[in-house]
Amino acid sequence: MYRRDRKPGIRTADRNLLDSRGDADWVHTDPWRVLRIQAEFVEGFGALAEVPRAVTVFGSARTPVDHPEYEAGYAIGAALARAGFAVITGGGPGAMEAANRGAGEAGGYSIGLGIELPFEQSINDWVDLGINFRYFFVRKTMFVKYSQAFVCLPGGFGTLDELFEALTLVQTGKITRFPIILFGRSYWSGLVDWIRNSLEGFGKISPGDLDLLYVTDHVDEVVDIIARAADFRADVSTYGTEDLW
């Protein structure tokens, strides 16, 4: 309700809807964006509702195909597929493509959740189910809701963003605790040391919060950590099964 000088004109909502408009500026207003955001949630939930239990693999879009990190992503994607997990990535090139490709060539379900960016980045060719999002926060919700674990290959700001968001959600109990795995000790050791020495050392996080992270160089250990955690999840039955896709 608006009063005094804040009171709008007498135009009704029906009139606003039915009158012709001279321009299309209205589609860029915040109220209209709310509907676009709602539509993205509806589309994402609908597309992913029957996805089997899945693991999200993050990593740099800049990883070359002939790089050892690409080989690691491929091996992780393939191993997860053989263990019965769908593989979700950001759908882009580099490490994301590697994980999708590994899952796809191992006969698994390969999913890519892309994002609209100022520079061109298309869904890679190894994705079975691809969804493009306008809004980062909608896409992040899908990663969290439909994954049973996160695996972070070496990456940049985007990978760090997803990593720390997941850590915060798990730490604060906003989501069910699930493994967050950093793959590549030499790449991640400096960050882990900083968390231990600075964040924990200066009391910015609680003792034991660092235990939310696993660090490894071994693909088999990645799968073992995730499989053991999945066995203890009470809600595993809410996920689809491999034969549904």
Please compute the per residue accessible area over the range 55-174 with all protein chains in place, 1.4 Å probe, rounded to a whole number of Å². 41
For Phe164, the accessible surface traced by a 1.4 Å probe with all protein chains present amounts, in square angstrom to the nearest 10, to 70
Applied in sequence order to the range 65-70, the curve 6.51 cos²θ - 1.76 cosθ + 1.60 (Karplus, θ = phi - 60°) yields integer Hz couplings, x standing for Gly and Pro, of 4, 8, 8, x, 5, 5
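Pop the C-beta distance of Asp211 and Phe137 into the FRET formula with R0 = 35 Å and round what comes out to the nearest 0.05.
Working: r = 27 Å, r/R0 = 0.78.
The computed FRET efficiency comes out at 0.80.
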Considering only protein heavy atoms and a probe of 1.4 Å, how much of the accessible area of the range 71-165 is carbon and sulfur, as a whole percent? 52
How many angstrom lie between the Cα centre of the range 174-192 and the Cα centre of the range 26-64? 24
Val42-Asp220 pseudo-label distance in nm [points 7 Å out on the Cα-to-Cβ vector]: 4.9
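What is the sum of charges around Val219, taking Lys and Arg as +1, Asp and Glu as -1, for the other residues whose C-beta is under 11 Å from the C-beta of Val219? Working shown, then result.
Working: positive: Arg82; negative: Glu71, Asp217, Asp220, Glu221, Asp224.
Neighbourhood net charge equals -4.
The values are calculated or read from the model by the stated rules, or taken from the named source; none is laboratory data. A quick note: this is a predicted structure, and the numbers were derived from the prediction, not measured. Positions of Cβ are backbone-derived with ideal geometry, glycine not excepted, and every protein chain shown enters the neighbour counts. Heads up: the accessible areas ignore ligands, DNA and RNA and are worked out on the full protein's heavy atoms, side chains in. Shrake-Rupley method; radii C 1.70, N 1.55, O 1.52, S 1.80 Å.
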